Amino acid sequence: MKPDPQLNRIAPAEMPDDMASAWARSMDLRGDATFFEVFANHPELYRWYVNQFYGDVFRGGKVAQRYKELLRLRLSTLHGCRFCNQGNRLDALEAGLTEAQIAAFESPESGTFTPAELAVLALGTELALTNSTGVLSEALHGRLAAYFDDAQILELGLVGGILAGVAKFMFAYDLVEKEDSCPFHPVT
């Protein structure tokens with residue numbers, strides 16, 4: 001079901017150029033760009049999200065991009081965000097994940113992931129909105145600490161927490177299309 005937000009949608013012709021370009025890319029990839037139409041109500045907020053979160057933190061920082069892409073895809077698949085999954089799968093492949101790894105998300109212990117990647121996937125499971133009791137346990141910290149220092153573990157957690165929070169926001173504001181498996185469909 002296509003998104004039907006309560007907030008006004010701004011036509012691409014009325015958007016700033018950077019947002020109109022992002023709108024066009026989203027339409028080409030997903031056939032939907034509601035997220036950009038609504039965010040065009042507040043271009044500065046959109047730019048903060050794209051430039052500061054994605055530019056400085058997600059694509060910057062101390063953790064290799066491959067692990068952040070793995071975490072992001074883990075969260076979007078657990079949350080069932082079709083909009084996110086469509087872009088995240090491509091970004092994960094570009095960061096070096098394989099089709100076999102992406103196909104193995106339902107059974108990560110299948111042997112396609114390294115121990116470091118399995119630890120990141122486990123962290124994603126703990127940070128997911130679907131896991132209200134998720135925690136960075138001593139055991140999970142130990143698994144992560146074998147490959148990441150505490151600054152990197154903190155960065156992975158913050159990135160995952162922000163992504164999970166943004167997913168909740170996008171679902172609550174009906175800005176994105178959801179997978180049929182998404183546990184966050186509105187109650188009718």
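The values are calculated or read from the model by the stated rules, or taken from the named source; none is laboratory data. Just so it is clear, the structure is predicted and the values come from calculations on it, not from any experiment. No Cβ is skipped: glycine too gets one built from the backbone with ideal geometry, and neighbour counts run over all protein chains shown.
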Of the listed residues (Thr125, Thr130), the one being assigned to a loop (DSSP other than H, G, I, E, B), within 19 Å of the chain's Cα centre (by Cα) and without any contact (Cβ under 8 Å) to a residue 60 or more places away in the chain is Thr130
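Yes or no, residue by residue, for (1) of a type in the set (Phe, Trp, Tyr); (2) under 14 Å from the mean Cα position of the chain (by Cα); (3) under 20 Å from Leu175 (Cβ atoms):
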residue	(1), (2), (3)
Gly60	no, no, no
Gln65	no, yes, no
Cys84	no, yes, yes
Leu93	no, no, no
Gly111	no, no, no
When every residue in the stretch 143-171 that is charged (D, E, K, R) and farther than 17 Å from Thr125 by Cβ is compared, the one surrounded by the most Cβ atoms within 10 Å (Cβ to Cβ) is Glu155
Quick check, is Asp18 more than 27 Å from Cys182 (Cα to Cα), touching a Lys or Arg at 6+ places or on another chain (Cβ under 9 Å), not assigned by TED's automatic domain parsing to the domain that holds Thr112 and not polar (S, T, N, Q)? yes
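For (1) farther than 21 Å from Asp56 by Cα; (2) in a helix (DSSP H, G or I); (3) modelled with pLDDT under 95, each residue gets a yes or a no:
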position	(1), (2), (3)
Ala104	yes, yes, yes
Leu118	yes, yes, no
Val135	yes, no, no
Ala139	yes, yes, no
Arg143	yes, yes, no
Ile162	no, yes, no
For the stretch 27-38, what are the residues that are under 18 Å from Phe169 (Cβ atoms) and either without any contact (Cβ under 8 Å) to a residue 40 or more places away in the chain or part of a loop (DSSP other than H, G, I, E, B) (or both)? Asp32, Ala33, Phe36, Glu37
Determine the pairs where a residue that is loosely packed, with under 13 Cβ neighbours inside 10 Å, located within the stretch 46-70, has a partner that is modelled with pLDDT of 95 or more with Cβ atoms under 7 Å apart, the partner being 6 or more residues away or on another chain. Arg59/Gln65; Lys62/Ala151; Lys62/Gln152; Lys62/Glu155
Scan the stretch 25-36 and tell me whether some residue there is more than 28 Å from Asp150 (Cα to Cα), buried (at least 16 other Cβ atoms within 10 Å of the Cβ), over 12 Å from the mean Cα position of the chain (by Cα) and acidic (Asp, Glu). yes
